[in-house]
Structure formats: structure tokens, C-alpha cells
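Colleague: Here it is, the structure in full.
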Amino acid sequence: MVKQILTSLTVLMLLTGCLKNSSSSYNCTSSYDPCAFKASAAEIQSVQDYLTTNGITAMQHCSGLFYTIDNPGSGATPSVCSNVSVTYDGRLTNGNVFDSTATPVLLNLSRVIIGWANGLPLIKAGGSMHLYIPPSLGYGTSTVGSIPANSILVFKVNLIAVQ
């Protein structure tokens, strides 16, 4: 019973925690431009420093997001307006886990942080990836739960399905 309550609270935190804030607003339309909002050079450098220090080779997205594709998947490709079913593990750069779920959760990509909205369309259903998200593509200057303001976010995401 306690485990079910904790799992429910974790999913609720994800759904409310990943909601974009007004400073990172974007429209869910077919004309969405993932390169329109770009992280600052300082934030991009901070992510690059983290990757270098940890021996991680990642691709850079036009927005300043960094990513590695572990498995490209073979199903449908999501758009910024898609509902997706995912499992994920979210960590800070110090390794502390701030959220995770092994049970798939359904999210709409227009309602999550920009780093996810820009990153997940790079794989297909059945795929998995790591996202290295600069603060302005995550929660920016806001503290959210156990995530301090101006944090680089590291996610391992499995894209289970696209609806």
C-alpha cells in the first residue's frame, strides 16, 4: 500500500514538475521550431564540461540540448504535440536521482520541459536515449522539488509508445 502511494506521488510530481513554466512557453503546432529557443553559451559550455569530465560523447541539438541515442527505435516518431508513453530516470550532475519510473507514464510533449520536447522526437517508439539538458531548457531559475535552480538535468528515457 505504501509503495503504491509513493509510486502515485512520484508520477504526480512528474506530471506537475515537468510542466513548462511561462518563461519557456511554446506552441503545440506543426510549425514548432525546436531551434527557436537556444540555451546560452555559458549553459552550453557547462553541459560540455560535464560531458567531458565524465567521458561522454554526445551530439548537440540546435537548441543547446545534448543527447546520445542508445537505441533509435523502429516505431512512430513523436512530434511536439504527441502523447508518449515513457519510462525514465532523472538525475542531477552529482548523480542524485530526483525522479524515475519503471512503470510507463503517459505524457503530452507540449506539456513537458523544452529539453524533452526537443529531444524525444529524435528517436522512435521502442527507442531509448540520454538527454543532457541545460538549465534554460529545463527548469531554469526555478527550484522544483529537489531540483535546485539552474540545474543541468540528465535523463535516461525509454520511449515505449507514441499516440
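Colleague: At 7 Å along Cα-to-Cβ for each site, give me the label-to-label distance between residue 94 and residue 77 in nm.
Modeller: 3.9
Colleague: Shape of region 57-105 from its Cα gyration tensor (a ≥ b ≥ c, root eigenvalues): rounded if a/c is under 1.5, otherwise prolate when a/b > b/c, or oblate?
Modeller: Since a/c reaches 1.5 but b/c is at least a/b, the shape of region 57-105 is classed as oblate.
Colleague: Taking the Cβ-Cβ separation of residue 36 and residue 59 as r and a Förster radius of 22 Å, what is the calculated FRET efficiency to the nearest 0.05?
Modeller: It comes to 0.70.
Colleague: Could you pull the Rg and Dmax for region 30-135, using just the Cα atoms, both in Å?
Modeller: Here Rg and the maximum Cα pair distance are 13.7, 38 Å.
Values in this text are rule-based calculations from the coordinates and carry no lab data. Computed from a prediction, not measured in an experiment: that's the story for all the values here. Please note: Cβ atoms are built from the backbone with ideal geometry, for glycine as well, and neighbour counts cover all protein chains shown.
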